[in-house]
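Trainee: Got a structure for you, questions after.
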Amino acid sequence: MASEYPYQIEAPPRERLPRHVAIIMDGNGRWAQERGQQRVEGHLQGASTVREIVEEASELGLGYLTLYAFSSENWKRPAAELEFLMALLQQYLVEERPTIMNNNIRFRVIGRRDGLSPEVLQEIDNLSQASEKNTGLTLILAINYGSRGEIVDAMQRIACQVRAGELSPEQITESTIAHALYTNGIPDPDLLIRTANEMRVSNFLLWQISYAEFWVTPIHWPEFTRDHFRQALWDYTKRDRRFGGLKN
Ligand code: IPE
Ligand code: IPE
Ligand code: MG
């Protein structure tokens, strides 16, 4: 293993990396509760993991990284936890700006704006605009995101185009739908990582993960490291992706 790295696992070569990795960052609450702490302590520690993994993805030369930060279903949580999560998100958007700019990272958000505070929306817009011309890693945060809601929004957009006579029903293709989704312009994820051992998708990128490779770990997000990430990337290089065809 390479000794120049402070890590156990060597970095996979750039040309074998997936183009797009999506992560369902789960297990913050359980991580805290197992330590006799409040759930929010897990979110705080989880934010440090986000910093580590974003830097790692950028250093490795990954093209796209999508992180599921807050789902449209997460509004069901207690008010105190929601308040903490939104404050943490706002703080992240402000504090990460130098790291994002210094690492040439392009920042983007997917999800519905309704429900988010004007302050959070302002920080999202600031960071998206400031980093728009960056050419390194594209970091996509899924905030107030739900895949079914995304598909509904896309269908409404397409229906309006049909009503306006700009499009006929026969002209609707997979590409029309892909372009109407929030992820327009972003290649589909090749690898989907989920921490904390849950074997479900939880309304994340349903359309886009049609052929993504799954990688699930029992590790909770606050203790997910660069090494775990590298392990997932190495495992991905060994997958045989057939897309419905036959083995090469
Ligand atoms: C993931 O951790 C973070 C968010 C969903 C915001 P959880 O808060 O879901 O942690 P668990 O799953 O309850 O342990
Ligand atoms: C998925 O985790 C959402 C995020 C990671 C933001 P949840 O903890 O909300 O998922 P469920 O409720 O266990 O399916
Ligand atoms: Mg969870």
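The values are calculated or read from the model by the stated rules, or taken from the named source; none is laboratory data. Computed from a predicted structure; not experimentally measured. Quick reminder, even Gly has a Cβ in these numbers, built from the backbone with ideal geometry, and neighbours come from all protein chains shown. Accessible surface is based on the protein model in full, side chains and every heavy atom, while ligands, DNA and RNA are left aside. Shrake-Rupley method; radii C 1.70, N 1.55, O 1.52, S 1.80 Å.
Trainee: Heavy atoms only, 1.4 Å probe, whole protein assembly: order E15, E166, E95, E213 by accessible area, highest first.
Mentor: Reading off the accessible areas and sorting them downward yields E15, E166, E95, E213.
Trainee: Ok, one more. Return the distance in nm (one decimal) between the two label points of a simple spin-label model at E52 and S202, each offset 7 Å from Cα along Cα→Cβ.
Mentor: Here the modelled spin labels are 1.9 nm apart.
Trainee: Calculated from DSSP H runs of 4 or more alone, at -39500 (n - 2.57) each and per residue, what is the 222 nm mean residue ellipticity of the chain, nearest 500?
Mentor: -13000 deg cm²/dmol
Trainee: Quick check: from the Cα gyration tensor, does region 172-248 come out rounded (a/c under 1.5), prolate or oblate?
Mentor: Note, shape of region 172-248 comes out oblate.
Trainee: What aspartates and glutamates does K133 reach when the alpha-carbon gap must be under 20 Å and sequence neighbours fewer than 8 apart in one chain are set aside?
Mentor: Answer for K133, where 20 Å is the Cα cut-off: E55, E59, E95, E96, E123, D125, listed by chain and number.
Trainee: For region 141-148, in order, what is each residue's ³J(HN,Hα) by Karplus, 6.51 cos²θ - 1.76 cosθ + 1.60 with θ = phi - 60°, in whole Hz (x at glycine and Pro)?
Mentor: Working through the residues one at a time gives 9, 8, 10, 6, 9, x, 5, 5 Hz.
Trainee: Using Cα pairs under 8 angstrom and six or more residues apart, how large is the relative contact order of region 19-237, in percent?
Mentor: The value is 29 percent.
Trainee: Please work out the average accessible area per residue across region 1-109, using the 1.4 Å probe convention, and give it in Å².
Mentor: Solvent-accessible surface per residue comes out at 52 Å².
Trainee: What Kirkwood hydrodynamic radius, in Å, does the chain give when the mean of 1/r is taken over all pairs of distinct Cα atoms and then inverted?
Mentor: 19.2
Trainee: Can you list the HN-Hα couplings for region 77-85, worked out from phi with the Karplus curve (6.51, -1.76, 1.60; θ = phi - 60°), rounded to whole Hz and with x for Gly and Pro?
Mentor: Whole-Hz 3J(HN,Hα) from phi for region 77-85: 6, x, 3, 5, 5, 4, 4, 5, 4.
Trainee: So, one more: Any idea what the dipole of region 19-237 comes to, in debye rounded to 20, about its Cα centre with Lys/Arg Cβ at +1 and Asp/Glu Cβ at -1?
Mentor: Here the size comes out at about 220 debye.
Trainee: With Cβ to Cβ distances under 14 Å as the rule, what net charge do the other residues near L116 carry (K, R +1; D, E -1)?
Mentor: Counting the neighbours of L116, the net charge comes to -3.
Trainee: Taking the Cβ of E81 as the centre, find all other residues whose Cβ is under 12 Å away and add up their charges (Lys, Arg: +1; Asp, Glu: -1).
Mentor: Its environment carries a net charge of +1.
Trainee: Can you give me the C-alpha center-to-center distance between region 161-219 and region 1-74, rounded to a whole angstrom?
Mentor: Rounded to whole Å, the Cα centres lie 21 Å apart.
Trainee: Taking the Cβ of I158 as the center, what net charge do the other residues with Cβ under 14 Å away carry, scoring Lys and Arg +1 and Asp and Glu -1?
Mentor: -3
Trainee: Next question, about the same structure. Among F243, F224, F84, what's the order by accessible area (1.4 angstrom probe), most exposed first?
Mentor: The ordering from most to least exposed comes out as F243, F84, F224.
Trainee: Tell me the carbon and sulfur percent of the accessible area for the chain, rounded to whole percent, probe radius 1.4 Å.
Mentor: Within the chain, the accessible surface is 49 percent carbon and sulfur.
Trainee: Which order do I177, I140 take when ranked by solvent-accessible area (1.4 Å probe, heavy atoms of all protein chains), largest first?
Mentor: Ranked from most to least accessible, the order is I177, I140.
Trainee: T138's amide H: which non-local residues (gap 5+, or another chain) put their own amide H closer than 5 Å, with H modeled 1.01 Å from N in plane and none for Pro or chain starts?
Mentor: HN-HN under 5 Å from T138: Y64, L65, R106.
Trainee: Quick one: which residues, 5 or more positions from E10 or on another chain, have an amide H under 5 Å from its amide H? H modelled 1.01 Å from N in the peptide plane, none for Pro or chain starts.
Mentor: A2
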